[in-house]
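A.B. asks: Take this structure, written in structure tokens, and hold onto it; I'll ask about it next.
The values are calculated or read from the model by the stated rules, or taken from the named source; none is laboratory data. All of these numbers come straight from a predicted model, not from anything done at the bench. Every residue, glycine among them, receives a Cβ derived from its backbone with ideal geometry; neighbour counts consider all protein chains shown. These area figures cover heavy atoms from the full protein model, side chains too; ligands, DNA and RNA do not enter into them. Shrake-Rupley method; radii C 1.70, N 1.55, O 1.52, S 1.80 Å.
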Amino acid sequence: MSLNVEHHETRVLPSEKPLRLLDNAGHALHGRETGGFELPPVETLLELYRRMVIARRFDVQVTALTKQGRLATYPSAYGQEACEIGVISAITADDWFFPTYRDSIALLTRGLAPAEILQSFRGDWHNGWDQHAHRTASMATPLATQALHAVGLAHAARLRRDPIVTLTYLGDGATSEGDAHEAFNFAAVWQTPTVFLVQNNQFAISTPLARQTHATTLADKAVGYGMPGYHVDGNDIAAMYAVASAAVERARSGGGPTLIEGLTYRIESHTNSDDPTRYRQQRDVEHWKRRDPIERLEKYLVSEGALTDVVRAEIGEAAEELAARTRDAMSEEPQLDPLELFDHVYATPRAALAEQRAALEAELAAHAAHVAHAGAAGVPAR
């Protein structure tokens, strides 16, 4: 049986000017600039604002903990909240999410606990949560590999008539990877229910976008694969949520994949080990700080009378409570078992792996006995 799907549609061509629903001053826009999308209800935008404020407080807190040495590394998404929160908020709890290493605040919004999110950054474990329970894959460090997983799961779900959507995030640098090409092409050919979000923060570590592609926009790439592409103001959460919601609905109804490019900027360094002053100008950072996604939405909500001092205080308290829980979680000493290295490697245990596990177990037991003996004798253990 052939799975080819005859599909006739009007292709959405991206424009150089990003689609947006709110301008930098928080004013609602109308006409061509909106791309035909409508501003979400005020109640929805207020909830998105709450999520962004809490997510930023989490991000700032984790960055501080990393500088204190409590985490080995942390890739901040400061300034990218509209992309991170706006798109993840468009899927349901039954849908699947395939994140990258920079998407901690999307995971937070998805309902994962701080301790679960940060286990890998502290070096405790590869992944800190039950992927099936949360319908969320582990954070991918290799570029674009998770896009193939998202497409594969979506294709399998479609064959099983399971009405779920898969969502995956990529950075601008990941679009140059072969895995991204394969994922885009497979998704379009087989019309998988997948939404791709490319967060174009304009640098792949230190490589600027101009050395990544000669395309006018990254959304242009969608045309070559035969799927809709949207070039969106990634600091306008109203636009990001509206476009993502439409893409999710399209995917769920059998319309196939969509590529969304969110034009944004990474305010912090790539990670705590990066020195961004070596490859970008501070004036550019200041320019993008004036386009802050939280401040933009805040101005609109205040003008609509939805964001009062009482509501603002409640959101602030919730953010501080989360920051405190995050500090407490990272202050607890983890209970680690080196023998867990051998768990979940093969479905059926292999003899060679069992031998290695036994060898390590014996070595750990011998070391523990040596420490105990040295302690009883009053001699420092080595």
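A.B. asks: Among the lysines, which have Cα under 29 Å from the Cα of Lys17 when same-chain residues fewer than 8 positions away are ignored?
C.D. replies: Straight-distance partners of Lys17: Lys221, Lys289, Lys299.
A.B. asks: So how do Glu317, Glu116 rank on accessible area, 1.4 Å probe, biggest first, that is with the largest at the start? Before the final figure, lay out the partial values.
C.D. replies: On the way: Glu317 130, Glu116 50 Å².
Heavy-atom accessible area, descending, gives Glu317, Glu116.
A.B. asks: Now for a separate question. Which of these, Thr213, Thr277, Thr73, has the largest mean-square fluctuation under a Gaussian network model of the chain (Cα springs below 10 Å)?
C.D. replies: Answer for the Gaussian network model of the chain: Thr277.
A.B. asks: What shape does the range 128-232 take by its C-alpha gyration tensor, where a ≥ b ≥ c are the square roots of the eigenvalues and a/c under 1.5 counts as rounded, a/b above b/c as prolate, and the rest as oblate? Please list the in-between numbers first.
C.D. replies: Values: a/c = 2.38, a/b = 1.39, b/c = 1.71.
It is oblate, given that a/c is not under 1.5 and a/b is not larger than b/c.
A.B. asks: Right, another one. Using a 1.4 angstrom probe, figure out how much accessible area the range 182-341 has per residue, in square angstrom, rounded to the nearest whole. Walk me through the numbers on the way to the answer.
C.D. replies: Values: 7270 Å² over 160 residues.
I get 45 Å² per residue for the range 182-341.
A.B. asks: Is there a quick way to get the dipole size of the chain? I mean about its Cα centre, with the Cβ of Lys and Arg at +1 and of Asp and Glu at -1; what is the value in debye to the nearest 20?
C.D. replies: Values: 36 positive and 50 negative charges, 127 e Å.
In debye, rounded to 20, the chain gives about 600.
A.B. asks: Give the carbon-plus-sulfur fraction of the accessible surface of the range 217-328 in %, rounded to a whole number; probe 1.4 Å, heavy atoms of protein chains only. Please report the intermediate quantities before stating the final value.
C.D. replies: Working: 2170 of 4730 Å².
So the carbon and sulfur contribution to the accessible surface is 46 percent.
A.B. asks: Over the heavy atoms of Glu361, what accessible area does a 1.4 Å probe trace out, to the nearest 10 Å²?
C.D. replies: Around 90 Å² of this residue is reachable by solvent.
A.B. asks: For the range 191-302, just run the numbers: alpha carbon Rg, then divide by 2.2 N^0.38 Å, N being how many residues it has. Numbers along the way, then the final one.
C.D. replies: Details: Rg = 15.9 Å, N = 112, 2.2 N^0.38 = 13.2 Å.
The range 191-302 yields a ratio of 1.20.
A.B. asks: A follow-up question, please. Take the alpha-carbon centre of the range 191-261, take the same for the range 102-142, and report the distance between them in whole Å.
C.D. replies: Taking the Cα centre of each part, the range 191-261 and the range 102-142 sit 23 Å apart.
A.B. asks: Give me the Å³ per residue figure for the convex hull around the C-alpha atoms of the range 124-183. It would help to have the intermediate numbers written out before the result.
C.D. replies: On the way: hull volume 5.3 nm³, N = 60.
Taking only Cα atoms, the range 124-183 has a hull volume of 88 Å³ per residue.
A.B. asks: Next question, about the same structure. Using just the Cα positions, wrap the range 241-382 in a convex hull and report its mean projected area in square nanometres, one decimal place. Please report the intermediate quantities before stating the final value.
C.D. replies: Numbers: hull surface 76.6 nm².
The orientation-averaged projected area of the Cα hull of the range 241-382 comes to 19.2 nm².
A.B. asks: I want to verify the translational diffusion coefficient of the range 30-180 in µm²/s; compute it with Stokes-Einstein, Rh as the Kirkwood radius over Cα pairs, at 20 °C and 1.002 mPa s. All intermediate terms of the calculation are to be shown ahead of the outcome.
C.D. replies: Working: Rh = 16.6 Å.
The Stokes-Einstein estimate is 129 µm²/s.
A.B. asks: Quote the accessible area belonging to Ser76 in square angstrom, nearest 10, computed with a 1.4 Å probe and with ligands, DNA and RNA left uncounted.
C.D. replies: Its accessible surface works out to 0 Å², give or take rounding.
A.B. asks: In addition: Among Pro334, Pro293, Pro228, whose mean-square fluctuation peaks in a Gaussian network model of the chain (Cα, cutoff 10 Å)?
C.D. replies: Maximum among the listed residues: Pro334.
A.B. asks: Determine the sum of side-chain charges near Asn200: Lys and Arg each +1, Asp and Glu each -1, restricted to other residues whose C-beta is under 9 angstrom from that of Asn200. List each step's numbers first, then the result.
C.D. replies: On the way: positive: none; negative: Asp172, Glu261.
Computed value for this residue: -2.
A.B. asks: Same structure, new question: Rounded to whole Å and ordered largest first, report the semi-axes of the equivalent ellipsoid of the range 317-382 derived from its Cα gyration tensor (root of 5λ). Walk me through the numbers before you get to the answer.
C.D. replies: Working: eigenvalues 235, 133, 5 Å².
Over the Cα atoms of the range 317-382, the semi-axes work out to 34, 26, 5 Å.
A.B. asks: Just how much of Ile164 is accessible, in Å², when a 1.4 Å probe is used and the result is rounded to the nearest 10?
C.D. replies: 10
A.B. asks: With every atom except the alpha carbons ignored, what do you get for Rg and Dmax of the chain, in angstroms?
C.D. replies: My reading of the Cα-based Rg and Dmax gives 23.0, 83 Å.
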